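Here's the structure, in structure tokens; my notes come after.
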Amino acid sequence: MSDKLIIFDTTLRDGEQSPGASMTKEEKVRIAKSLERLRVDVIEAGFPAASPGDFESVQAVARTIRESTICGLARALDRDIDRAGEALKEASRARIHTFIATSPIHMQQKLRMAPDQVIEYAIKAVKRARQYTDDVEFSPEDAGRSEEDFLCRILEAVIDAGATTLNIPDTVGYSVPEQFGATIRRLRERIPNSDKAVFSVHCHNDLGLAVANSLSAVMNGARQVECTINGLGERAGNAALEEIVMAVKTRKDVFPCRIAIDTREIVACSKLVSNITGFPVQPNKAIVGANAFAHESGIHQDGVLKSRETYEIMSAEDVGWTANRMVLGKHSGRNAFRTRMQELGIEFGSETELNDAFQRFKDLADKKHDIFDEDLQALITEAGVEAEDERIRLVTLRVCSETGEIPCARVGLRIENEEMTGTAHGSGAVDASFKAIESLVRTDSTLLLYSVNNITTGTDAQGEVTVRLEKGGRIVNGQGADTDIVIASAKAYVNAVNKLLAPRQRMHPQAAGDV
Ligand code: KIV
Ligand code: ZN
């Protein structure tokens with residue numbers, strides 16, 4: 001067995017299945033570049049058969065990334081596999097990941113198929129995928145609730161058909177560490193041709209055990225872990241990449257594995273994903289939370305000052321925490337701006353794009369003295385947000401709030417080139433602004449979430465706002481950033497409305513369908 005632990009990141013696929021976390025093609029390429037800098041072995045870029053937009057995103061990632069293997073997900077259906085093969089054509093290394101459910105409940109209720117039929121589909125899918133690439137992964141969906149004898153049968157058959165990675169998903173997050181690890185060990189021992197494939201795991205976090213289950217699997221011979229940045233993913237999410245990587249690196253005595261990840265890129269990648277999806281990272285989150293390396297109590301501080309190892313098992317620098325760095329200011333020129341952006345992995349497609357971004361930077365520098373890397377990232381996210389499906393734009397906002405008075409807002413929007421003004425009262429300035437916008441756009445949506453985060457520190461920091469709206473079962477996240485949080489909130493609301501109005505038809509890979 002190899003001692004290399006393959007890190008397979010599925011932020012762009014399973015991560016995107018979190019309600020409201022959908023990303024544009026450009027955003028996916030930005031995240032993929034960051035994952036490449038992190039030296040992730042495999043990037044699952046999406047589910048190409050879901051929609052033309054998903055196909056194009058996988059294609060764009062495959063075209064751009066050279067160092068990591070790019071993977072596309074496909075149900076065990078000819079047309080899904082053909083779409084994946086097509087989307088991955090330009091990848092320097094391509095993998096097709098095909099799956100079909102194997103638990104009794106999924107086979108009976110969702111697929112309405114007999115077990116033998118499921119095996120037939122799996123074999124056919126793997127063989128078809130092998131026509132596009134030698135790197136084929138197979139997953140028995142809901143393996144965590146599947147019968148072990150059946151898993152042995154189907155896995156042996158797909159290895160014979162050409163699968164090179166066998167991924168064991170705990171789709172509903174039902175497993176517990178000791179039992180899950182033992183299952184991986186027994187599968188490796190019982191399947192006669194198991195040495196011809198790499199065993200992988202893909203754990204969901206419904207019981208908060210995704211990382212523990214994945215690590216238990218590694219102790220029992222799994223040599224690929226599927227995970228996401230910040231643990232993003234369907235429902236309670238997937239195993240968090242940063243936790244898996246740092247556990248294996250920090251406890252070399254327990255995990256006999258090599259990892260290729262450049263851990264110093266972890267924090268930057270985490271911030272980028274949070275910034276793009278609008279999913280904040282909780283302060284006490286391991287590795288990437290703002291408090292992960294902060295010492296509050298006097299005794300701890302004293303110990304850390306005498307010797308860091310008294311209370312720290314990892315160093316903040318090793319995972320990419322640096323003090324907020326003042327990178328640019330009001331007097332920085334275009335070249336300094338472009339150079340810093342390049343260092344952050346942000347490239348501009350044209351001079352016009354660079355000029356637009358530089359103008360935004362200048363506007364921000366007029367309001368805020370010190371500009372940090374995080375401000376620059378937010379600037380680019382916001383530019384992407386505005387470019388995409390922007391039917392409505394915030395032009396003006398005026399709010400009045402005074403003790404003893406009912407807050408009111410007057411908002412000016414440009415709706416498909418026509419300027420309109422709306423006014424409303426509310427319980428606060430933000431509430432009044434949202435009502436004023438709603439009086440013009442009339443989405444009748446439900447506000448599911450409103451959150452504000454400061455991008456850097458200080459009272460002149462930009463506030464980054466996420467607004468989540470729901471209408472007819474569709475959930476979207478809108479983002480906005482500004483040094484004024486009421487304006488940031490209005491921008492976020494308008495961004496969410498734009499997303500809600502954009503037509504989007506996509507299939508969920510695991511919903512009941514033909515398979
Ligand atoms: O959770 C799951 O089972 C999946 C599969 C598609 C691997 O995401
Ligand atoms: Zn999953």
> Which of the GluC sites (Glu not before Pro) across segment 393-458 are loop residues per DSSP, with 13 or fewer other Cβ within 10 Å?
Replying inline: 402, 405, 416
>> Ignoring everything except DSSP H segments at least 4 long, calculate the 222 nm mean residue ellipticity for the chain; use -39,500 (n - 2.57) per segment, divide by total residues, nearest 500.
In response: -12000 deg cm²/dmol
> Points 7 angstrom from Cα along the Cβ direction at residue 219 and residue 134: gap in nanometres?
Replying inline: 3.6
>> What FRET efficiency comes out for residue 105 versus residue 260 if R0 is 35 angstrom and r is the Cβ-Cβ distance? Round to the nearest 0.05.
In response: 0.40
> Within the accessible area of segment 182-222, what % is carbon and sulfur when the probe is 1.4 Å and the other protein chains stay in place?
Replying inline: 51
>> Please give the charge dipole size of segment 27-139, origin at the Cα centre, charges +1 on K and R Cβ atoms and -1 on D and E Cβ atoms. Round to the nearest 20 debye.
In response: 100
>> Would segment 1-102 count as rounded, prolate or oblate if I go by the C-alpha gyration tensor, calling it rounded below 1.5 in a/c and otherwise prolate when a/b exceeds b/c, oblate otherwise?
In response: rounded
>> In the chain, if the dipole is taken from +1 on Lys/Arg beta carbons and -1 on Asp/Glu beta carbons about the Cα centre, which of 238, 209, 48 is farthest to the positive end?
In response: 48
> Of the cross-linked pairs 252/306; 249/285; 196/249; 33/89, which ones have a Cα-Cα span greater than 23 Å in the structure shown?
Replying inline: 252/306; 196/249
> Rounded to the nearest 0.05, what FRET efficiency do residue 508 and residue 179 have when you use their Cβ-Cβ distance and R0 = 22 Å?
Replying inline: 0.20
> Long-range amide H contacts for residue 141: which residues qualify at under 5 Å (H placed 1.01 Å from N, peptide plane, sequence gap of 5 or more or a different chain)?
Replying inline: 100, 101, 102
>> Antiparallel versus total DSSP beta bridges in the chain: what percent is that, nearest 5?
In response: 50
> Between rounded, prolate and oblate, where does segment 380-484 land on the alpha carbon gyration tensor, with a ≥ b ≥ c its root eigenvalues, rounded for a/c under 1.5, else prolate if a/b exceeds b/c?
Replying inline: rounded
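Determine the dipole magnitude for the chain: charges of +1 sit on the beta-carbon of Lys and Arg, -1 on that of Asp and Glu, nothing else is charged, the reference point is the Cα centre, and the result goes in debye to the nearest 20.
500
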>> Probe radius 1.4 Å, ligands and nucleic acids left out: which of 369, 508 has the largest accessible area, and how do the rest follow?
In response: 369, 508
> Considering the dipole of segment 372-515 built from charges on the beta carbon (Lys and Arg +1, Asp and Glu -1) around the Cα centre, which of 423, 492, 507 is farthest to its positive end?
Replying inline: 507
>> Explain nothing, just the number: dipole magnitude of segment 130-237 about its Cα centre with +1 on each Lys and Arg Cβ and -1 on each Asp and Glu Cβ, in debye rounded to the nearest 20.
In response: 220
>> So if each residue of separation counts as 0.36 nm, and I subtract the Cα-Cα distance between residue 359 and residue 318, what length gain in nm does that give?
In response: 11.3 nm
> Stretched out fully, how many nm does the piece from residue 420 to residue 305 gain, at 0.36 nm a residue minus the Cα gap?
Replying inline: 35.5 nm
> Is the shape of segment 392-450 rounded, prolate or oblate, going by the alpha carbon gyration tensor and its root eigenvalues a ≥ b ≥ c, with a/c under 1.5 for rounded and a/b larger than b/c for prolate?
Replying inline: oblate
> Considering only protein heavy atoms, what per residue accessible area in square angstrom results for the chain with a 1.4 angstrom probe?
Replying inline: 44
> For the charge dipole of the chain, defined by +1 on Lys and Arg C-beta atoms and -1 on Asp and Glu C-beta atoms about the Cα centroid, which residue among 35, 76, 12 has the Cα displaced farthest towards the positive pole?
Replying inline: 76
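Write out the trypsin sites (Lys or Arg not before Pro) in segment 1-96 meeting two conditions: DSSP loop, and at most 12 other Cβ atoms within 10 Å of their Cβ.
66, 89
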> If the viscosity is 0.890 mPa s and the temperature 25 °C, what translational diffusion coefficient in µm²/s does Stokes-Einstein give for the chain when Rh comes from Kirkwood over Cα pairs?
Replying inline: 101
>> Net charge within 15 Å of residue 338 by Cβ-Cβ distance, Lys/Arg positive one each and Asp/Glu negative one each, not counting residue 338 itself?
In response: -2
>> Give me the net charge for the shell around residue 66: Cβ to Cβ below 13 angstrom, other residues only, Lys and Arg +1, Asp and Glu -1.
In response: +2
> Just in segment 105-162: which trypsin sites (Lys or Arg not before Pro) are loop by DSSP and have at most 10 other Cβ atoms within 10 Å?
Replying inline: 112
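Given a 1.4 angstrom probe, I'd like the percentage of the accessible area of segment 353-492 that is carbon and sulfur, rounded to a whole number.
46
Per 0.36 nm of contour for each residue apart, how much would the distance between residue 114 and residue 410 grow if the chain were fully extended, relative to their Cα-Cα spacing?
Value of the extension gain: 100.4 nm.
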> Helix 241-250 versus the longest principal axis of the chain: what is the Cα-based angle in degrees, 0 to 90, to the nearest 10?
Replying inline: 70
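The values are calculated or read from the model by the stated rules, or taken from the named source; none is laboratory data. Note that this is a predicted model, so its numbers are computed, not measured. All Cβ positions, glycine included, derive from the backbone under ideal geometry; neighbour counts span all protein chains shown. For accessibility, only protein heavy atoms count, side chains too; no ligands or nucleic acids. Shrake-Rupley method; radii C 1.70, N 1.55, O 1.52, S 1.80 Å.
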